[in-house]
1. Could you check how many residues of the stretch 94-152 are within 16 Å of the ligand (Cβ to nearest atom) and farther than 21 Å from residue 51 by Cα?
2. Quick one: would you say residue 35 is within 18 Å of residue 290 (Cβ to Cβ), away from the ligand (no atom under 16 Å from the Cβ) and outside any strand (DSSP E or B)?
3. Among (1) more than 29 Å from residue 296 (Cα to Cα); (2) in contact with a helix residue (DSSP H, G or I) (Cβ under 8 Å, 6 or more places away or on another chain); (3) in contact (Cβ under 8 Å) with a residue 60 or more places away in the chain, where does residue 211 come up short?
4. Do the conditions hold for residue 62, that is, is it touching a helix residue (DSSP H, G or I) at 6+ places or on another chain (Cβ under 8 Å) and not assigned by TED's automatic domain parsing to the domain that holds residue 265?
5. Which of the residues spanning the stretch 58-73 are assigned to a helix (DSSP H, G or I), within 21 Å of residue 274 (Cβ to Cβ) and out of contact with any strand residue (DSSP E or B) (no Cβ under 9 Å at 6 or more places or on another chain)?
6. Within the stretch 185-204, can you find the residues that are free of Cβ contacts under 8 Å to residues at least 60 places away in the same chain and surrounded by 12 or more Cβ atoms within 10 Å (Cβ to Cβ)?
7. Looking at the stretch 86-102, I want the residues that are on the phi > 0 side of the Ramachandran plot and modelled with pLDDT under 95 and have a partner that is near the ligand (Cβ under 8 Å from one of its atoms) and assigned to a loop (DSSP other than H, G, I, E, B) with Cβ atoms under 8 Å, at least 6 apart or on another chain. Which pairs are those?
8. Farther than 21 Å from residue 286 by Cα and surrounded by 19 or more Cβ atoms within 10 Å (Cβ to Cβ): is that true of residue 60 in this structure?
Ligand SMILES: [Zn+2]
């Protein structure tokens, strides 16, 4: 190689490397999110690698009834896709199939059991919701958000800060469901004094009429804390220990039992699925539904 060629070679190599570094530096820090995005799915059998196209419809199907309507299903598809992109709960997987940890998931045999003859038609509906929103997910400050969702609130959703940590886009917002348009969200549970004491690991003493302290509400009106037999429990602790459907409850002694009247189902943070159903029935599109339940977020598309 002659000196001039050598110089040219090194100049080109340097330029090439600089270009590479420049490109690497400039590459937008965003996840792929479309149908072909690999999804490492943790099941009871271990981790299998699938794609967003193969995963997402089955998560949407497991999490939301198809009768909730196409716009609600699209909102659910975006929330589930976003959850997967942001989830950091498993070192070797993107998401698991345990709804108590990540998001529910039913494979085709599971859905056949649930849907029977409607399998093909319902699968088409959830696949359509995933395809219509392909590559779309919610961001805040350029990052995929923690897209929490729950079955239903009554009146308003919960502020994340009341049960987890404050999050700017997981704040309490109005939600349209009530006892008339969603009667399934109103439940009650009764406990004898012995049952209540056992569930809360307390020693029963004195007149049950004096066991319950006043419920201290949080900003969304749910139970922040309440004392029972002088011990203070958070609303979340009572919900969990007594298997109540939400922390939006009232409790009283009726002379024979402690009666808990409960509104809503789930932790109450983020999108209310029942609210999404009702908004969709009013004609609201999925983008507006998502913007309502995750205020301040941006819906981005990466295909
Ligand atoms: Zn998980």
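The values are calculated or read from the model by the stated rules, or taken from the named source; none is laboratory data. The structure presented is a predicted model; accordingly, all values stated were derived computationally and were not measured. Note that each Cβ is placed from the backbone with ideal geometry, even for glycine, and that neighbours are counted across all protein chains shown.
1. 3
2. On the way: within 18 Å of residue 290 (Cβ to Cβ): no; away from the ligand (no atom under 16 Å from the Cβ): yes; outside any strand (DSSP E or B): yes.
Here the answer is no, as residue 35 does not meet what is asked.
3. (3)
4. Numbers: touching a helix residue (DSSP H, G or I) at 6+ places or on another chain (Cβ under 8 Å): yes; not assigned by TED's automatic domain parsing to the domain that holds residue 265: yes.
When the stated conditions are applied, residue 62 passes them.
5. 60, 61, 62, 66, 67, 68, 70, 71, 72, 73
6. The first filter runs over the stretch 185-204 and keeps only residues free of Cβ contacts under 8 Å to residues at least 60 places away in the same chain, leaving 194-195, 197-204.
Hits for the stretch 185-204 are 195, 197, 198, 199, 200, 202, 204.
7. none
8. Numbers: farther than 21 Å from residue 286 by Cα: no; surrounded by 19 or more Cβ atoms within 10 Å (Cβ to Cβ): yes.
Answer is no for this residue.
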